[in-house]
Amino acid sequence: MTTKQLTLPITGMTCANCAATIERNLKRLPGTASAAVNLASERATIEFDPNALTQTQIIDRIQKVGYGVAVAKADLPIRRLSDDNDARALEKAFAKIEGVLSASVSFATEKAIVEYIPTLVSQGDLRRAAKAAGFEAVEATGEGLEDAERLAREKEIDRQKHLLFVGLLFTVPLFILSMTRDFSHDIFEFHGFLASFLHWPYLDWLFLALATPVQFYVGKQYYVGGYKALRNGSANMDVLIAMGSSAAYFFSLAVLVGRLIGVGGLGHTYFETAAVIVTLIVLGKFLEARAKGRTSEAIKKMMSLRAKTARVLRTAAGPGGQLVETDVPIDDVRVGDTIVVRPGEKVPVDGVVTDGRSTVDESMITGESMPVEKRPGTPVIGATINKQGSFRFEATKVGKETALAQIIRLVEEAQGSKAPIQRLADQVSAVFVPAVIGIAALTFVAWFLFGNVGFTRALINTIAVLVIACPCALGLATPTAIMVGTGKGAENGILFKNSESLERAGKIKTVVLDKTGTITKGRPTVTDIVEADRSNVTAPGSNGDGLGCAGWNAEAILYLAASAEKGSEHPLGEAIVAAATERGVPLGSPAAFNAVAGHGIEANVDGQSVLIGNLRMMESRGLQLNGLDAVVTRLQAEAKTAMVTAVDGEVAGVIAVADTIKDGSNEAIAELHRLGLQVAMITGDNRRTAEAIAKAVGIDRVLAEVLPGDKAAEVRKLQGSGVQNPKSQRPNPKADNGRVVAMVGDGINDAPALAQADVGIAIGTGADVAMEAAGVTLMSGNLRGVPRAIGLSRGTMRTIKQNLFWAFFYNVILIPVAALGFLNPIIAAGAMAFSSIFVVTNSLRLRGYKV
C-alpha cells in the first residue's frame, strides 16, 4: 500500500485528552496507517492510503469532533485574465492543488482569494499553478505557514487575555467583598456604612450578578470543551473545571432560591469560589499559552532565516537579450538560475559557486562558528550569510528541496513524534479524568455519610478534588521538552529524526566510528617529504635555479614527483599534485607517462627519468634506497603510504601520503570518554594502519579489515556484548548484555551498519547530507557533534523525567490531600494552574543548555 503523510496545524486543544480524542478519531478513519497528535506543537501527523481517504475527510473528522485546522489566506493580484471564463479556469486550477480549501477568482477586480493549509501549500505553489494555467499571480499579501500558525497562537493568547481581564474585573471585587463579609463575622467588627453594606440582605444577589459573567462568559470555553469531550466518549480537563465551578455556583444559586421561597438553613453561598476557580484557570491557560509559544522559537527562528528575495540573472526583454540582475521572490527561483550574492547578503537557495570568491558564515546551519571559504566549484547553502567578496552561483535546490527546508521538516517531524517514555503518561491520561471523577464521588459520599460534616463541607471537599487534578501537566511533560530539545539541536547543527532517536541517544554505551571521512578527512594528503642522504648527487637547481645545492631538497623532489603525476588520476598522485599547488611549486609537463599496475608510475620531466612507486618497484628496477629503509618502515608504522621517488636511476627521497586526522577528532573522542562511553573504530584498512590511527586519537577498540557488507554484523556483535570501557572516567561496574550502540558514518556507504545500530549518526557537510540515512544527522563534518548530540539527549531526558516526576507527584500527593479535606478549592485552582506552567517553564530551561 502506497501511503501519504499529512501534517495539519490544530486549534482548540486544551489538554492531553483533547490530543488523545483527535488521535483516536483519526485512527478510526478507513485507510489510516498511523496518526499522532502533539499537544505542545499543536499539530496532527497522519499517514494514510490516498486511495481510501482524502485530506478533506481528515479535516472534516477533526472539525466534527470539535476542533479546528489553522488556515492561511492569500490575496493574489492576477494578470492576463481575459474574461470570466479565465477566472473560472483559474479557480479550477487552484482547486486541484492538494491543500487548497477554497479559491475565488474575480475578473472584475483581477484578484484571487485562496484559503489553504499552510503545512501543505505555499504562495509560491499558488503562483506556479497560476503560471502553468497561463496567468500571472503577483507576489501578494497573505499568510504563510509561519504567519498562519503564529496568528492562530496569538489569537488564542489574545482571547485568553481578554477573558482574564473580564474575569478579574468581576472576580476581584467579588472575592474582596465576600472575604470581608466573612471576616466581619469571624474576626473583625466593622461599623457605619461598611457594616450596613456587609449585612445588606441582597448582598448575595450582588455576588450572583458578579459571578454569572465569569461562570458563563469567561468559563464558556470549559463548558464547550467538556461537551465536545463527552460527545466523543471521553472526559478532559474542561469536564473537571466545569464540574467543579458549576458545583459551587449552582449550589450557591440553590441557596439563594431557597431563601427566596422561604427555605432556610441551606448554608453559605460560594459564588466567589466558583469565580476564582474559573479566573485562576484562565490565568494559568494564558500564561501556559505564552510559554508554549516559546517552546517552538527554534523553528520560528529557522523559518525567519529564509531569504525573501534573490538577485537572479535573467534575459532582458527586447532585442539583444542581455542578462540583467533582477530581484525576484524566493519562491520564483528555479533550478539552474544564476544568482548574484554581494557582501553581507543571505545566500537565497542551495547551489554551486560558478564565479568569484568569498567566505560564508554557515553557523546557522552547521553550528560551526568559523566562516567557510567559497570558490568556484564549492557548494553553498541557502540562508547562510556571505561575509566578504561577491560571487555568483548556480541554483541546484530550491523550495522544499533546500537544506534549510529539509532541516525544518525533519525538526517538525521529530517534534510531532512520540517518545517511548511518553507511553506511560498517555496510558495514565486516558483514564485520569474518569478516575478523578470517581475519587470525587467517593470523597463526597465518604464525607457526607461517614464524616458527619454536612452537605456543604462534603461538596467543598469534592470541588477541591475536581479542581486540583491536572491532566495537562502529564500531557505537556514530554512533548514540550522534546520540542525545545530538538530545536536546540537544530540550532547547533544536530538533527534528530524522531523523538525515539533523541531518547535512545542518551542511553548509548558504545560509539562505533567509521575511520574514513569520520575520524580522518577522507582524502589523502602529503604529510612528509624525506630526502635521501646522497651528498655526492647533484640535485636539479644546484647550478643556479634555486632548488637545491648538495643533495636533494624537499622542494626539488616535490617538483619532479608532482610534475610526473600531473596526468595521473590515482588519489595518491592527486594528493602529490595538490601539495605542490598549495606550496606554490610550478609544475613541468611530463612526457612518456606510464602507470605500472601495483607498483607506481614513470615519466620524463625536463629530460630526466622519474620513477614514483612502492618498494616492489624499486626492487624490480634494482635501485638502492640510499639509507631510507628505516624511514620507510617508520612511515608505514605511522599508517602512512611511503612512495619512493627515483631520478635518473638514483633514489632521491620518499614522499609519505596519509588520510590525515580531522581537526577536533581527538577532542571529540576524549569527550566521549568523559561521558563514560566506549569508543570503537571500524575500517577496511589493514590492522597495522588501523592500530596507528587508533593510537593517535585514543580509540578503545579496533575493528580492522572489515568489508563494507560486514560492518552491520560487527555492530550486531557489539550490541550483544558487555565490554567495558577501560578509559571511561565514569566506569559502570555492571557489564550489561545488550549494549546500546551508536554507529557514526557518512550516512551513505555505512547505511547497513547505521540501520543495524540502536542509534545511527550520519556526519554530513551542510547541503550534501543524507538526512534520511540515520536517526541523528550532524550538519557539520566535525566529530565533536557526536558528544554534543549525546549530551543534549541526556539533558532533554533529564528534563522529561523531572516533568513527569512533578506531574505524577503533584497529582498523587495533592488529590488525596484534597480528598481528606485539607485543601480549599481556591488554593486548589491556583495549584492546578501552576502545575502545567511549571512543566512548560522547566522545559524552556533547555534553551539555555550549553551544547
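The values are calculated or read from the model by the stated rules, or taken from the named source; none is laboratory data. Bear in mind that the values here come from a model prediction, so they are computed numbers and not experimental data. Here the Cβ is made from the backbone with ideal geometry for all residues, glycine too, and neighbour counts use every protein chain on show. Calculation scope for accessible area: heavy atoms of the full protein, side chains included, ligands and nucleic acids excluded. Shrake-Rupley method; radii C 1.70, N 1.55, O 1.52, S 1.80 Å.
Please report the antiparallel percentage of the DSSP beta bridges confined to the chain, to the nearest 5. Write out the running numbers ahead of the final one.
Numbers: 89 of 109 bridges.
Antiparallel bridges: around 80 percent, rounded to the nearest 5.
Extending 7 Å from Cα along the Cβ direction at Ala132 and again at Lys695 yields two label points whose distance is 6.2 nm.
Relative to a virtual label point 7 Å from the Cα of Lys400 in the Cα→beta-carbon direction, which members of the stretch 105-138 show backbone nitrogen distances below 19 Å? Answer for the stretch 105-138: 115-133. When all protein chains stay in place and ligands, DNA and RNA are ignored, the 1.4 Å accessible-area order of Lys155, Lys418, Lys96, Lys292, largest first, is Lys96, Lys155, Lys418, Lys292.
In summary, the aspartates and glutamates within cross-link reach of Lys507, defined as a Cα separation below 20 angstrom excluding same-chain residues under 8 places away, comprise Glu671, Asp700, Glu714, Asp736, Asp758. The order of Lys397, Lys301 by accessible area, most exposed first and with a 1.4 Å probe, is Lys301, Lys397.
For Trp200 and Arg847, what does the FRET efficiency come to when R0 = 56 Å and r is the distance between their Cβ atoms, rounded to the nearest 0.05?
On the way: r = 53 Å, r/R0 = 0.95.
Efficiency at R0 = 56 Å is approximately 0.60.
What is the list of residues in the stretch 345-370 whose amide nitrogen lies under 14 Å from a point 7 angstrom out from the Cα of Leu313, following Cα to Cβ? 352-357, by backbone N distance to the label point. Measuring only protein heavy atoms, the 1.4 Å probe finds His570 accessible over about 100 Å².
Restriction of the GluC sites (Glu not before Pro) in the stretch 565-609 to DSSP coil positions whose beta-carbon has at most 12 other beta-carbons within 10 angstrom yields Glu569.
Please report the carbon-and-sulfur percent of the accessible area for the chain; probe 1.4 Å, protein heavy atoms only, DNA, RNA and ligands left out. Spell out each step's value before the answer.
Working: 20630 of 37020 Å².
Carbon plus sulfur share of accessible area: 56 percent.
Looking at the chain, do any whole DSSP H helices span at least 24 angstrom along their long axis by alpha carbon and average 0.5 or above on Kyte-Doolittle, and which? Long hydrophobic helices here: 237-260, 271-295, 422-445, 471-491, 785-819, 825-844.
What's the extension gain from Val740 to Arg334 if we count 0.36 nm per residue and subtract their Cα-Cα distance?
Result for the pair: 141.7 nm of gain on full extension.
Residues Leu778, Leu323, ordered by accessible area of protein heavy atoms at a 1.4 angstrom probe radius and largest first, appear as Leu323, Leu778. Accessible surface of Asp83, taken over heavy atoms with a 1.4 Å probe and every protein chain present, rounds to 60 Å².
Just read off the accessible area of Met13 with the full protein assembly in place, 1.4 Å probe, to the nearest 10 Å². The accessible area of Met13 comes to roughly 20 Å².
In this label model, Ser304 and Lys801 are separated by 3.5 nm, measuring between points 7 Å along each Cα→Cβ vector. Taking 7 Å steps out from each Cα toward its Cβ at Gln608 and Thr109 produces label points 8.3 nm apart. Considering only Cα-Cα distances, which of the following residue pairs are longer than 23 Å: Lys301/Lys850; Lys488/Lys515; Lys509/Lys717; Lys497/Lys801; Lys73/Lys346; Lys73/Lys400? Violating the 23 Å Cα-Cα cut-off are Lys488/Lys515; Lys73/Lys346. Cross-link partners for Lys228 among the lysines, with Cα-Cα distance under 20 Å and sequence neighbours closer than 8 places in the same chain left out: Lys27, Lys64, Lys220, Lys285.
Candidates Ala129, Ala209, Gly517 compared by Cα position along the dipole of the chain: farthest toward the positive end lies Ala209, with charges placed on Cβ.
Extension gain for Glu705-Glu582 works out to 41.0 nm (0.36 nm per residue, less the C-alpha to C-alpha distance).
Rounded to the nearest 20, the Cβ-based charge dipole of the chain about its Cα centre (Lys and Arg +1, Asp and Glu -1) stands at 2600 debye.
For the chain, the solvent-accessible area with a 1.4 angstrom probe is 43 square angstrom per residue. Label point of Ala441 set 7 angstrom out along Cα-Cβ; within the stretch 205-247, amide nitrogens under 20 Å from it belong to 226-247.
For the stretch 352-496, the relative contact order is 26 percent, taking Cα pairs closer than 8 Å that sit 6 or more residues apart in sequence and dividing their mean separation by the residue count.
Considering all different alpha carbon pairs of the stretch 228-309, the Kirkwood hydrodynamic radius works out to 16.5 Å.
What is the gain in length, in nm to one decimal, between Lys27 and Ala670 on full extension, counting 0.36 nm per residue of separation less the C-alpha to C-alpha distance?
Details: separation 643, 0.36 × 643 = 231.48 nm, distance 4.71 nm.
That works out to 226.8 nm of additional length.
For the chain, the alpha carbon positions stretch 129, 80, 57 Å along the principal axes, listed from largest to smallest.
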